[in-house]
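The values are calculated or read from the model by the stated rules, or taken from the named source; none is laboratory data. What you are looking at is a predicted structure, and each value in this text was computed from that prediction instead of being measured. Cβ coordinates were reconstructed from backbone atoms using ideal geometry, including for glycine residues, and neighbour counts include every protein chain displayed. Surface accessibility is based on the protein's heavy atoms, side chains included, excluding ligands, DNA and RNA. Shrake-Rupley method; radii C 1.70, N 1.55, O 1.52, S 1.80 Å.
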Amino acid sequence: MIIGVLRERFPGEKRVAVVPANVPGLVKAGHTVRVESGAGERAGFPDSEYSARGATITSLAEVLEAEVLLGVRWDIPPEVRDEILAGIRPGQILIGAWDPLSKKGDLLPWVEKGATIFALELLPRITRAQSMDILSSMATLAGYRAVLLAALTLPKIFPMLMTAAGTLTPAKVFVVGAGVAGLQAIATAKRLGAAVSAYDVRPAVKEQVQSLGAKFVELELPTQAAEDQRGYAKELGEEVYRRQRELMTQVVAQSDVVITTASVPGRRAPVLITREMVAGMQPGSVIVDLAAERGGNCELTRPGETVVEHGVTILGPVNLPAEIPHHASQMYSKNITTFFLYVCKNGQIALDSEDEIIRDTLVARGGQVVHAMLREPAG
Ligand code: NAD
């Protein structure tokens with residue numbers, strides 16, 4: 001098949017969907033790879049590297065002629081979307097990140113073009129799909145980056161230091177939500193020498209937190225049914241969240257840094273840190289809210305902005321993986337090319353609804369939204 005790799009249009013996006021290292025694998029499988037000129041430049045992959053690995057560098061118009069288009073973010077604003085949208089044909093295959101559960105409206109113009117759309121966020125979190133899992137790859141990088149942001153913002157250092165000028169105590173870092181991003185945040189903060197503690201509503205996480213050398217904060221919450229069969233957290237209801245806030249107030253007040261990653265797929269992130277809890281923190285403390293794009297775990301978070309209240313700095317970074325474009329692209333590219341090679345069988349895209357990898361990621365075809373989660377009324 002002819003595969004097209006687009007230059008990303010999303011504002012501030014520096015990643016690229018396919019890096020040169022993954023081109024030979026596609027070519028070997030019998031495909032032709034067309035890369036839009038400059039697609040990898042912001043991630044440190046110049047056109048010459050793609051050509052050297054067997055791709056053709058070309059114009060947007062020629063990339064759009066491809067049978068399959070691979071992209072990072074398809075939820076692009078209309079002003080940059082339309083030059084691509086205009087070139088989409090019925091049956092053309094579009095693969096990438098669409099944020100379909102939160103941005104169904106952005107998906108519809110592409111659906112109406114008759115494209116066959118795969119959203120990689122909906123990949124089942126099963127062992128055989130691990131090498132295609134963009135959410136895990138990007139969350140790992142976001143967790144790492146969140147700690148670095150906190151370390152640079154905090155007016156203290158992270159590690160303990162015993163010097164002739166006195167002893168500096170280690171920074172106290174509290175991670176709320178120990179999924180993929182949270183566990184990487186814990187590991188990174190530990191490497192920097194902080195005293196790290198963490199909490200998650202899924203009881204299974206306790207052991208993972210402890211294995212990284214962090215303390216698991218025990219909160220007496222009814223969390224026996226906090227996990228769904230896919231391994232994700234379930235929405236627990238406002239009463240449980242109120243109790244959680246109450247129980248977390250003290251540990252938040254004692255922390256120099258709080259990193260929040262708590263989210264429930266397809267829902268607004270739960271508010272776990274209120275204005276009052278922020279007011280209880282020491283001036284100079286830092287909150288990095290990785291749930292900013294989902295509405296934020298802190299009441300004061302503003303997505304994409306830095307807020308200072310009561311002397312506490314609250315960072316609401318969005319699209320953090322784009323700030324580490326080289327490695328983020330490397331991981332994303334491995335994920336998306338593995339997915340593509342999986343769904344493309346004998347030169348054709350398999351639309352086998354018996355296969356859960358295909359069934360769960362296929363969101364639209366033939367002008368219709370076909371995914372069960374997207375056909376339900378928005379909740
Ligand atoms: P996520 O981004 O949806 O959520 C982040 C974390 O927030 C989760 O650990 C969740 O339990 C937690 N959370 C939700 N509400 C909370 C609250 N009120 N207080 C504290 N924490 C709260 O999740 P994720 O990191 O993408 O993945 C979650 C889990 O999915 C993983 O830890 C793992 O068990 C599973 N997973 C499996 C695979 C696989 O098998 N291939 C791959 C990736 C993830």
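Odds and ends about this structure:
- Residue in region 348-362 that is within 22 Å of ALA178 (Cβ to Cβ), touching a helix residue (DSSP H, G or I) at 6+ places or on another chain (Cβ under 6 Å) and hydroxyl-bearing (Ser, Thr, Tyr) present: no
- Residues that are aromatic (Phe, Trp, Tyr), within 10 Å of the ligand (Cβ to nearest atom) and within 26 Å of PRO159 (Cβ to Cβ), drawn from region 191-245: TYR199
- Index of the failed condition, ASP106 passing every other in (1) charged (D, E, K, R); (2) out of contact with any helix residue (DSSP H, G or I) (no Cβ under 8 Å at 6 or more places or on another chain); (3) within 13 Å of the ligand (Cβ to nearest atom): (3)
- Extreme residue, farthest from the chain's Cα centre (by Cα), among residues of region 110-147 that are open to solvent by less than 50 Å² (accessible area, probe 1.4 Å) and away from the ligand (no atom under 16 Å from the Cβ): GLY114
- Criterion applied to GLY237, GLY284, GLY295 was being modelled with pLDDT under 95 and under 21 Å from PRO317 (Cβ atoms), and the one residue passing it is GLY295.
Matching residues to (1) open to solvent by 60 Å² or more (accessible area, probe 1.4 Å); (2) small (Gly, Ala, Ser):
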{"site": "GLU323", "(1), (2)": "yes, no"}
{"site": "THR337", "(1), (2)": "no, no"}
{"site": "VAL343", "(1), (2)": "no, no"}
{"site": "GLY347", "(1), (2)": "no, yes"}
{"site": "GLU356", "(1), (2)": "yes, no"}
{"site": "LEU362", "(1), (2)": "no, no"}
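- From the list GLY87, GLY12, the one residue that fits, being open to solvent by 10 Å² or more (accessible area, probe 1.4 Å) and either without any contact (Cβ under 8 Å) to a residue 60 or more places away in the chain or part of a strand (DSSP E or B) (or both), is GLY87.
- Number of positions in region 10-55 that are under 17 Å from THR338 (Cα atoms) and not basic (Lys, Arg): 17
- Residue among GLY71, GLY91, GLY25 that alone is at pLDDT 95 or above, within 21 Å of PHE118 (Cα to Cα) and within 20 Å of the chain's Cα centre (by Cα): GLY71
- Residues in region 206-221 that are open to solvent by less than 80 Å² (accessible area, probe 1.4 Å) and at pLDDT below 95: LEU219, LEU221.
- Complete set of residues in region 137-153 that are out of contact with any Gly (no Cβ under 7 Å at 6 or more places or on another chain) and within 22 Å of VAL312 (Cα to Cα): ALA142, TYR144, ARG145, ALA146, VAL147, LEU148, LEU149, ALA150, ALA151, LEU152, THR153
- Those residues of region 255-268 which are at pLDDT 95 or above and of a type in the set (A, V, I, L, M, F, W, C), in sequence order: VAL257, VAL258, ILE259, ALA262
- Evaluating VAL27 against the criteria (1) within 24 Å of LYS345 (Cβ to Cβ); (2) touching a residue at least 60 places away in the same chain (Cβ under 8 Å) leaves one unmet condition, (2).
- Tally, over region 256-270, of residues that are open to solvent by less than 40 Å² (accessible area, probe 1.4 Å) and within 11 Å of the ligand (Cβ to nearest atom): 7
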